[in-house]
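The values are calculated or read from the model by the stated rules, or taken from the named source; none is laboratory data. Because the structure is a prediction, the values reported are computed rather than measured. Positions of Cβ are generated from backbone atoms using ideal geometry, with glycine treated the same way; all protein chains shown enter the neighbour counts. In case anyone asks, the SASA skips ligands and DNA or RNA and just uses the protein heavy atoms, side chains included. Shrake-Rupley method; radii C 1.70, N 1.55, O 1.52, S 1.80 Å.
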Amino acid sequence: MPEQQSGARVETATPDAAGPPLLASRLTPPALPEPVVARPRLLRRLDAGSAGPVTLVRAPAGWGKTTLLVSWTRLVDGSAGEGADVRPDGSVADPRRPTPAWVSVESGDDGDRLWLYLAAALRATTDPVLDPAAPVPDRPPRPDQLELLAAALAARERPVLLVLDDLHRVTDPAALTGLEFLLRHAEQRLRLVVGARAGLPLAVHRLRLAGELTEIGPDELAFTDDEVADLLSAHGVRLPGAALRRLRERTAGWPAALRFAALALDRQPDPARWVGRFGGDQPEIAGYLHEEVLAAVAPEARELLRRTALAETVCADLADALTGRADGERMLADLSGDRGLLSRDDSRPPWYRCHPLLTDLLRADLARLPADELRDLHLRAAGWYADNGRPAEGLRHALTAGRWDRATELFVAQWPELAPYDRAGADGPPPASPPPEAVRRDPELALACAAERAHAGDAAAAAGYLRSAADHAGTLPTPRRDRFLRLATALELTLARLAGDHAEVRAAAARLVRGRMTGAGEPPPSAAGAGPRGGATEDADLRAFAGTALGLVELAEGQLPGARFARALAAAGEAGRPRTELVCASRSALLHAVRGELRAAETAAQEALAMPPCHGWACRLDCGYAYLALAVVALHRDQPEESAANLALAAPATGGAEPDDRPPGADVPAAETVAAAVAALCRARLLHDRGEPAAGQRLLVEARDRLADRPTGADLAYLLLAAEADLRGARGDLDTARELLTRPVREQAGPVAPLAVALARVELRAGDPRAAGRALPDWQAAEASDWPLALRLEAGLLDAVLARHAGDERRAGRVLEQMLDLAGPEGFRRVFTRAEPAVRDLLAAHLDTGTAHWPMVSDLVRGADEPADRGAAEPAPALDEPLTERELTILRYLQSILSNVEIASELSLSVNTVKTHVRNIYRKLDATRRREAVRRARELRLI
């Protein structure tokens, strides 16, 4: 990019006879190393931020702060005045934007020196703030001078834009008090754009609280995949897609590391292989990190970073355990705040993660510790993890420390919690193998090693350890041998699940259950055996472990095994296994949501997210299932923004927010096929609501294709097909929609109720109510009780519409009332508010004819075009003498204009029975008239 000058160039000069010279290079944007990658998204952020008082670009060294500010300043400078500059993304910069003044701050700038440059920069603008003939102050302005300057700024037609790069180099807060005064009193005619690292002596918190601060940090400065590709292309480097994504993940988008990599890749004969070995311990990266990043960190904070690099993520308590200090919380917060060396999650307590390349460097430093000190550090980690519900990490550190007895004890006591339920493998190299004599002495040590490797995703190494354990199991005494066989069978089940061998999973689960039944009468193992916990608790462990494994297999096959997860959840709770509880609770929440049991789904999801294992970065997959359940609940309650937000949080379970978010050729893992299909259903409906049904169709087709080779996934596949036909019908493509549905409905090939309901809707849209009636299945049949509630509601509403179309208003109202009875307790809204106009007409008419759900119907009619974010109704407060269910039903009818005779007819009761209930309602509500009873009931939120 050719260099342009910003405003009037200030040559090297002496501001007055006695003052020191000013460097022109500090008053103009510096030249940038070529090539420079255009980053339109960040330029737009600076455009928007510079319309306010302060924009702060803050990040550690090497995050491209100066490059971004220079690129933006030159574009703004080029667009000032008469012309307008065309941006790299094709947008046009605002020609009315003021010409920016630039100051590069240097170390040692005190108040006097800084204000010399600030005054020179303000004089250098095309519309100077200071009179060029006025003397430049040789120290920070006096209060009266600041007031004059603030008044001059306030009187300007256009604001002054001042760019201050590396402002963190000013260490004296008093040096910036004058700038803060101008910001407060110049009536927003002074706008600062600041680039800085940590330790900025500016009132950032006050500006943030006042809404006067725009912040751009490392998360936004990080390169995206597309920007990494642009950078490599500018350097003449081409990488396969997988290697490019690997490079971005290893660098976390850090611009300096990416530029180092681009320069090095140009010389590599096999760039993809080089990327696989790329890390922070390479000389160029290590040198930069030492000199530019770690050199500015206090020694005690550097030691904390080094010791905690042992762990992938760290909290304050773990940091204290590893360092032996008590100030981990403060130091971690500082390192993640201003310094930006750690990223922090939103859990309580928070967990922190170090940049991948910095972690590489710190671990290389850690490896140079004396062996005894490093072993002690691993033992500290093992103890903390074991005591805090993280047995997999505890086992890995115990093995790394060479404490074979500790590792075996941990495995035997915690084996159900060591099953790998997440796709993420262990971070760092595997522990060293134990010596052969240790395995001969205790074959369960090899089982512990197998469990650690299985949890890390290294199935081949786990299988090798399992074979080694079996070779020496014959030397064990009988009680220990029985225990060994159960533990080995559990590991065989785990390896079969990792390999996708569902038949072997079922066979191993059956062996576990048989072993449980035949061993039920055994005495608990002796203390010397340190065995599983024995008795009822061991029985619950086996039921929870086997049930969870079978449930996961059935999910991978596309089934919806809600009952199995419910039983496994109860067993895990009985055994006190929180990790297994989380797995089961999160899946149960989703399956409740799919069935339309929204209250149960919401409760289960919230309980899962509140479980300790779901805190921090661990168990993201399980939390993803819980968030997906909440997304489904919000969708049915017609809360689109809430649904979309939860879908984004569910990405670990669903494979990404959209198909385009996944790398080309990538697919959702088989185990998460159900989650991906449910997410596709949600997203397709949200896309339809936004006027993008074609995009929704593509999602549904892709999800259905993934289920094509899973015969047991017909329930879910037909839900997807029905949704696709609905979207096609909504677009007017009725022939294709009918073609999709007719054959499977005619052949009754599987659970076709969703397809039949969708076909009835297609025929109704086509103007053939008789064909719609023939296609519509009986929603009152016994088998319909097994349908998802949303499907039953759709069928019932279609039945009501067809009844009204046939002139049977009474039946239409009765069916609609039954649908309201079903929908109300769970908080369903979307099925009414997003339905065809005929349903909304039914609802409006229902208000006049009388309903026990008058507030709900009124709300639905009012909110059909503008859905409100509402959940299910709150439970009614308790009265001294509660109303019965029948009295509550009649109370709802009292809101309408129906007489007692008409209410009796609606409910198929005698008039005298209704009058008796009305008298009881009046007595319990302390009312004497109908209107008073209704008012009192509303005050108590009974209706």
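Assign unit charges at the C-beta atoms only (+1 for Lys and Arg, -1 for Asp and Glu), then state the dipole size of the chain relative to its Cα centre in Debye, rounded to the nearest 20.
Numbers: 117 positive and 134 negative charges, 346 e Å.
Charge dipole, the chain, about its Cα centre: 1660 debye, nearest 20.
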Under the Karplus relation with 6.51, -1.76 and 1.60 and θ = phi - 60°, whole-Hz ³J(HN,Hα) for the range 711-728, x at Gly and Pro, equal x, 7, x, 5, 3, 6, 4, 6, 4, 5, 5, 5, 5, 5, 5, 4, 5, 5
Rounded to the nearest 10 degrees, the helix 753-765 long axis (Cα) sits at an angle to the longest Cα principal axis of the chain of 80 degrees
Taking every other residue with Cβ under 9 Å from the Cβ of Ser104 and scoring Lys and Arg +1, Asp and Glu -1, one gets -2
Sorted by chain and then number, the residues having a modelled amide H within less than 5 Å of the amide H of Val160, at least 5 places away or on another chain, are Leu190, Arg191
Classified through the alpha carbon gyration tensor (a ≥ b ≥ c as square roots of its eigenvalues; rounded if a/c is under 1.5, else prolate when a/b is larger than b/c, else oblate), the range 570-642 comes out oblate
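If you take the square roots of the eigenvalues of the alpha-carbon gyration tensor of the range 702-788 and sort them as a ≥ b ≥ c, do you get rounded (a/c under 1.5), prolate (a/b over b/c) or oblate?
Values: a/c = 2.06, a/b = 1.16, b/c = 1.77.
It is oblate, given that a/c is not under 1.5 and a/b is not larger than b/c.
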Between Ser107 and Arg277, the FRET efficiency computed from the C-beta separation at R0 = 30 Å comes out, to the nearest 0.05, as 0.25
Between the modelled labels at Arg746 and Arg931 (7 Å from Cα along Cα→Cβ) the distance in nm is 6.2 nm
Result for the range 390-522: accessible area per residue, probe 1.4 angstrom, in square angstrom, of 42 Å²
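Work out the FRET efficiency for Glu215 and Arg238 from their Cβ-Cβ distance, taking R0 = 35 Å, and round it to the nearest 0.05. Each step should come with its number before you reach the end.
Details: r = 35 Å, r/R0 = 1.01.
So the FRET efficiency works out to roughly 0.50.
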Taking Cα atoms, the helix 598-610 axis meets the longest principal axis of the chain at an angle in degrees (rounded to 10) of 40 degrees
Of the candidate values (i) 64, 47, 19; (ii) 56, 44, 27; (iii) 56, 38, 23, the one computed for semi-axes √(5λ) of the Cα gyration tensor in Å from this structure is (ii)
A chain fully extended from Glu809 to Glu504 at 0.36 nm per residue, minus the present Cα-Cα distance, gains in nm 104.0 nm
The range 746-832 accessible area per residue, 1.4 Å probe, protein heavy atoms, integer Å², reads 42 Å²
Taking a label point 7 Å from the Cα of Arg731 along Cα-to-Cβ, the residues of the range 737-756 whose backbone nitrogen sits under 15 Å from it are 737-740
Length gained, Arg690-Ala24, 0.36 nm per residue minus C-alpha separation, equals 234.4 nm
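Quick one: if the Förster radius is 25 Å, what FRET efficiency do Arg923 and Ser858 give, using the C-beta to C-beta distance and rounding to 0.05? Intermediate values should be presented prior to the final figure.
Values: r = 27 Å, r/R0 = 1.10.
Rounded to the nearest 0.05, the efficiency is 0.35.
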Here the range 59-75 yields Karplus 3J(HN,Hα) values (6.51, -1.76, 1.60; θ = phi - 60°; whole Hz; Gly and Pro given as x) of 6, x, 4, x, 9, x, 5, 5, 4, 5, 5, 5, 4, 5, 4, 5, 5
Residue span Ser785 to Asp376: 0.36 nm per residue of separation minus Cα-Cα distance leaves a gain in nm of 141.2 nm
To the nearest 10 degrees, the tilt of helix 404-414 (Cα long axis) against the first principal axis of the alpha carbons of the chain is 40 degrees
Expressed as a whole-number percentage, the relative contact order of the chain with C-alpha contacts under 8 angstrom and at least six residues apart is 6 percent
Of every hundred units of 1.4 Å-probe accessible area on the chain, the number belonging to carbon and sulfur atoms, as a percent, is 51 percent
Output row, site Ala367, 7 Å Cα→C-beta label point, backbone N cut-off 20 Å, window the range 268-303, residues 273-291, 303
Residue by residue through the range 560-571, the couplings from Karplus 6.51 cos²θ - 1.76 cosθ + 1.60 with θ = phi - 60°, in Hz, x for Gly and Pro, are 10, x, x, 5, 5, 5, 5, 5, 5, 4, 5, 5
Counting only residues 5 or more apart in sequence or on a different chain, those whose built amide H sits under 5 Å from that of Leu342 are Ser336
For Glu215, other-chain or 5+-apart residues with amide H closer than 5 Å (H placed, Pro excluded) are Leu56
Checked against the positive end of the charge dipole of the chain (+1 on Cβ of Lys and Arg, -1 on Cβ of Asp and Glu, about the Cα centre), the farthest of Cys584, Ala262, Ala319 is Cys584
